[in-house]
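Notes follow once the structure below has been shown.
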Amino acid sequence: MAILVLGGAGYIGSHTVYELIDYGEQVVIVDNLETGHIEAVHPKAKFYQGDIRNRAFMDRVFEENKIDAVIHFAANSLVGESMTNPLKYYDNNLCGTKVLLESMVAHRIDKIVFSSTAATYGEPENIPILETDKTNPTNCYGETKLSMEKMFKWTGKAHGLRYVSLRYFNACGAHESGQIGEAHAPETHLIPLILQVPNGIRESITIFGDDYPTPDGTCIRDYIHVTDLAMAHIQAVQYLRAGNTSNIFNLGNGVGFSVKEVIETARAVTGHPIPAVIEGRRAGDPARLIASSEKARQVLGWNPQHDDLSKIIASAWKWHKGHPDGFAK
Ligand code: UFG
């Protein structure tokens, strides 16, 4: 029996495939390569290029392979783009998941692990954020992810499918081999943008707002290493295989770092001065997002290994230094 990884050529998907294969799992990948990279596909995985919105294609994948469980990363994930082009997000994230679920139900595949986000909470009411806290997304990306969670819930009730939804905080870092890492075009995330400065791609990093109600005025986030995220997916599959009920888990380190602290750490790691320029706030950024991941630790046995920001940034730097243009040759 194989695990089907949708979006397995993307950033978090490819890292999860590497861990699954290290764990001796058989892996089938589906990716439309719209934002994923063929170079990120693990050589031991069976790869299909195709789109989850295509029912005939998804049926063929389920018919040609013995699939035990699905891990679903195939979605658009840019907050800014989701605000200017919401229907793209409804089409890919929601309509794609609807077609996927129809095909899964038809082929009696009853386990799915799903990549959700801290953006489902919106502006938090409590820090650290618990899974039971109110969900009130402030952007269309988070709204589609929350709707996908609800689609799993109701489909599960009707058809006996069980799901685990993993709400990631700020994914970062790269595989220890330095062979795969973060490569988005355009890049919008803080750590890869910072590392473009020592890589000679940009002259400075822009800080979006230094007037937030935080100790140094810049936004605080919970940075979690991509390999730790990958491990949680394996544990979530094991949780479902053991017959447990559907569940939702936050994934973060439970420690917050400000934008200024991240830049300062990157200066120390790279030995580059990394000039920073203060600009106005970016629309929709909450001041502080920090996870409580106690539930994932207790129920899944998740134990993130990378809690040192210097080491996390060093792993990202190893990748970006060796691949300044991402996967481009
Ligand atoms: N930032 C800067 N300058 C930059 C880029 C980012 O100051 O050039 C700041 C942002 O304003 C934010 C922090 O750095 O305060 C982190 O920004 P990222 O874009 O790296 O990450 P976000 O916290 O915005 O996004 C993450 C996930 C999303 C998820 C969101 C939930 O990447 O998928 O958290 O709020 F939706």
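Every number in this text was worked out from the coordinates using simple rules, so none of it is lab data. Keep in mind that this is a model prediction, so the values were computed, not measured. Note that we place each Cβ from the backbone using ideal geometry, even for glycine, and neighbour counts take in every protein chain shown.
Overview of results
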quantity: Dipole magnitude of region 158-277, debye to nearest 20 (Cβ charges: Lys/Arg +1, Asp/Glu -1, about Cα centre); calculated: 500
quantity: Relative packing of 152-161, 135-144, which averages over residues the other C-beta atoms within 10 Å, highest first; calculated: 135-144, 152-161
quantity: Of Lys44/Lys150; Lys66/Lys157; Lys153/Lys295; Lys150/Lys260; Lys145/Lys318; Lys66/Lys311, pairs whose Cα-Cα distance is over 27 Å; calculated: Lys44/Lys150; Lys150/Lys260; Lys145/Lys318; Lys66/Lys311
quantity: Amide proton proximity set for Gly8, modelled H, under 5 Å, gap of 5+; calculated: Val30
quantity: Amide H within-cut-off set for Gly36, under 5 Å, with H built and near neighbours excluded; calculated: none
quantity: Long-range HN-HN contacts of Ile224 with modeled amide H, under 5 Å; calculated: Asn170, Ala171, Cys172
quantity: Cα centre as origin, Lys/Arg/Asp/Glu Cβ charges: the chain dipole, Debye; calculated: 740
quantity: Rh by Kirkwood over Cα pairs, then Stokes-Einstein D for the chain at 0.692 mPa s and 37 °C, µm²/s; calculated: 164
quantity: Point-charge dipole on Cβ atoms (K/R +1, D/E -1) for region 105-226, about Cα centre, debye to 20; calculated: 880
quantity: Listed residue (Gln179, Pro273, Met148) projecting farthest to the positive dipole end of the chain, Cβ model; calculated: Met148
quantity: Percent of alpha-carbon pairs separated by more than 21 Å within region 230-329; calculated: 55
